[in-house]
Amino acid sequence: MPEIKVTPLGAGQDVGRSCILVSIGGKNIMLDCGMHMGFNDDRRFPDFSYITQQGRLTEFLDCVIISHFHLDHCGALPYMSEMVGYDGPIYMTHPTKAICPILLEDFRKITVDKKGETNFFTSQMIKDCMKKVVPLNLHQTVQVDDELEIKAYYAGHVLGAAMVQIKVGSESVVYTGDYNMTPDRHLGAAWIDKCRPDILISESTYATTIRDSKRCRERDFLKKVHETVERGGKVLIPVFALGRAQELCILLETFWERMNMKAPIYFSTGLTEKANHYYKLFITWTNQKIRKTFVQRNMFEFKHIKAFDRSYADNPGPMVVFATPGMLHAGQSLQIFKKWAGNEKNMIIMPGYCVQGTIGHKILNGQKKLEMENRQTLEVKLQVEYMSFSAHADAKGIMQLIRMAEPRNMLLVHGEAKKMEFLKDKIEQEFTINCFMPANGETTTVITNPSVPVDISLNLLKREMALGGPLPDPKKPRTMHGTLIMKDNSLRLVSPEQALKELGLNEHQLRFTCRVQLQDPHSDPDTLSRIYTHLKSVLKGYTIQHLPDGTVMVESIVIKVSSSAEEPNTKVLLLSWSYQDEDLGSFLSTLLKKGLPSGLSSM
């Protein structure tokens, strides 16, 4: 039986380092190639030795697909392609292709130039890796080779994020990457058509969460920022350069305008100008409102939000600072946090998910003393708030996507094991489909029943309808009788007459013959008459004829009687019928084997 195999090398019962191997129809595909923010050792990158112990990966992979530009989905790409070795195609959308190298270079600078790590990819490697990228357009079917095709769908989440459908023959898998089922201030909601894949591989970051209304969260966020600024405090908002950052900037910009606020808002520079440049460039990927407003003004050009200089962190008085990265694991957000952590007037608002091992995760869990590098201890006195402005789907969103795509099986990645368990049970109960949640290095195998598509001739359909058959219904399978013609690798079901005509063949008449012995003391013609009378009384609605040539006919069935001179009371009945009347022929032979009822008159 054909089967599909899925093995996570990263993001199996874990968030971070997304990398999933799929084997389908003899093809091997790598979905995402991310790094783990919580580790600085070997665990940072996926274990590619699972694919091959030595040598390059090119021979083992047909293609690599990157869902979006976040580093936990693309951070290991140059390492995989340039250091381990892969020369095949890497697919990603146009915005991802533009933004990915900027984030990779930024990450390389922090790791190599600031922390001095060796055994890491270089700037040149990032450039060489990006040369292997093939850009994808939404809803465009791309032929990777003769058999493998892929198609991208809009995923919301961040600029350029896509879900991908992978198809080989009639088998298919959909991988969601990270997605968001509710539109936000700058992006639309994820969408996919009813493609009924064999497996839907979905992220499950917020598997057990059903988020409250967005409006309440926004009001809450603005209230907390406002209160802190009013009492002279500073607000730090750690964000990643793209996505939530733009979302919250638009929110604060409109609030500052409305309330005529004077406290400065800064954004740690570098990435953001570039980020906003790409939002302008790829305006078609944003939502309807932004596209409409774009005619008058660009929503990503802010009046109240200025570029940040590191010396500003020591300025007295209130301010709001957006700084990267979002989990406080390095960079400017961590530097500012260290300076402001000791003052209870200040506040830090964490707007997104934090991976275990990061400072962000520690302070969200209430840690008041942090061990920093050089064995220094940092006391956390500032207020810590968590507000999910996450662009991930919550439990409700995941269920909604299942309803949209109608998969035959479900597989969860990019989430914590306990939360996955809960969602897995919910999915299995509600949709009565299998749901899997493999750990890293564990393979899930799904047996597929490929359906073979067959074109059906209109004449045959009309004939079925004329016989009173129900109208065709995609949800109710039914049997059709006809002749199957295979031509140029496609199948057609047509009526037998049409098949003979098309193929220029003569029809052969196939008849079945059977003998039945019967004890009857009458003469042969009398026995035949008695059979005729008996059948007339039993078979209502059939054409029964007693012919002058000494035969009885029922539809296409011919019945003859003969006996031998030695045993005149033992009659031999010869029954012959064409294959169309096979059921009736079998019925008659069984009926006549029982003998004729007494008291039957001969005509």
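The values are calculated or read from the model by the stated rules, or taken from the named source; none is laboratory data. As the structure is a computational prediction, the values presented were derived from the model and not from experiment. In this analysis, Cβ positions are derived from the backbone assuming ideal geometry, glycine residues included, and neighbour counts consider all displayed protein chains. SASA here: full protein model, heavy atoms, side chains in, ligands and nucleic acids out. Shrake-Rupley method; radii C 1.70, N 1.55, O 1.52, S 1.80 Å.
How charged is the neighbourhood of M480? Take every other residue with its Cβ under 11 Å from the Cβ of M480, and add Lys/Arg as +1 and Asp/Glu as -1. Write out the running numbers ahead of the final one.
Values: positive: R463, R478; negative: E464.
Taking every other residue near M480 into account, the sum is +1.
The residues neighbouring E147, those whose beta-carbon lies less than 14 Å from its own, together hold a net charge of -3 under the Lys/Arg +1, Asp/Glu -1 convention. Suppose we look only past 20 Å in the calculated P(r) of the range 24-114. What percent of the Cα-Cα pairs does that tail hold? Across the range 24-114, Cα pairs with separations above 20 Å total 35 percent. Residue-normalised convex hull volume from the C-alpha trace of the range 398-550: 295 Å³ per residue.
Given R₀ = 41 Å, what would the calculated FRET efficiency be for K262 paired with I110, taking r from the Cβ atoms and rounding to 0.05?
It comes to 0.75.
Heavy-atom surface analysis with a 1.4 Å probe gives the range 363-519 a carbon and sulfur content of 51 percent of its accessible area. Based on Cα atoms of the range 135-248, Rg over Rh with Rh as the Kirkwood radius reads 1.12. Only lysines eight or more places from K424 in sequence, or on another chain, were considered; those with a Cα closer than 22 Å are K5, K194, K396.
When the chain is described by a simple charge dipole with +1 on each Lys and Arg Cβ and -1 on each Asp and Glu Cβ, the residue from P2, S67, F107 located farthest towards its positive end is F107. Taken per residue, the accessible surface of the chain reaches 48 Å², heavy atoms only and a 1.4 Å probe.
When the gyration tensor of the range 214-386 is built from Cα positions, what are the square roots of 5 times its three eigenvalues, in whole Å, from largest to smallest?
Values: eigenvalues 156, 63, 44 Å².
Its equivalent ellipsoid spans semi-axes of 28, 18, 15 Å.
Coordinate range of the alpha-carbon atoms in the range 143-203 per principal axis, descending: 40, 20, 17 Å.
If the only charges are +1 at each Lys and Arg Cβ and -1 at each Asp and Glu Cβ, what is the size of the charge dipole of the chain around the Cα centre, to the nearest 20 debye? Let's see the in-between values first.
Values: 72 positive and 68 negative charges, 523 e Å.
Roughly 2500 debye, rounded to the nearest 20.
The alpha-carbon of K560 sits under 25 angstrom from the alpha-carbons of these lysines, leaving out residues fewer than 8 places away in its chain: K536, K540, K571, K593, K594.
When DSSP assigns beta bridges and you keep just the ones with both residues in the chain, what percent turn out antiparallel, to the nearest 5?
Of all bridge pairs located within the chain, approximately 60 percent are antiparallel.
Compactness ratio for the range 511-594: Cα radius of gyration over 2.2 N^0.38 Å (N = residue count) comes to 1.03.
Tell me which of T118, I166, V235 sits at the most positive position along the dipole axis of the chain, charges placed on C-beta atoms (Lys, Arg +1; Asp, Glu -1). Checked the options; the winner is V235. Taking the average, over residues, of other Cβ atoms within 10 Å as the packing measure, peptides 538-544, 479-485 rank 479-485, 538-544 from highest down. Size descriptors for the chain, from the alpha-carbon set: Rg then Dmax equal 36.6, 129 Å.
Going by average Cβ neighbours within 10 Å, how do the peptides 204-214, 561-571, 161-171 rank, with the highest at the top?
Values: 204-214: 17.4, 561-571: 13.0, 161-171: 22.8.
Descending packing order for the listed peptides: 161-171, 204-214, 561-571.
Can you send over the carbon and sulfur percentage of the accessible area for the range 1-159, probe radius 1.4 Å, protein chains only? Can you show the working numbers first?
On the way: 2820 of 6000 Å².
Carbon and sulfur together cover 47 percent of it.
Packing here is the average count of other Cβ atoms within 10 Å per residue, and on that basis the peptides 114-124, 389-399, highest first, run 389-399, 114-124.
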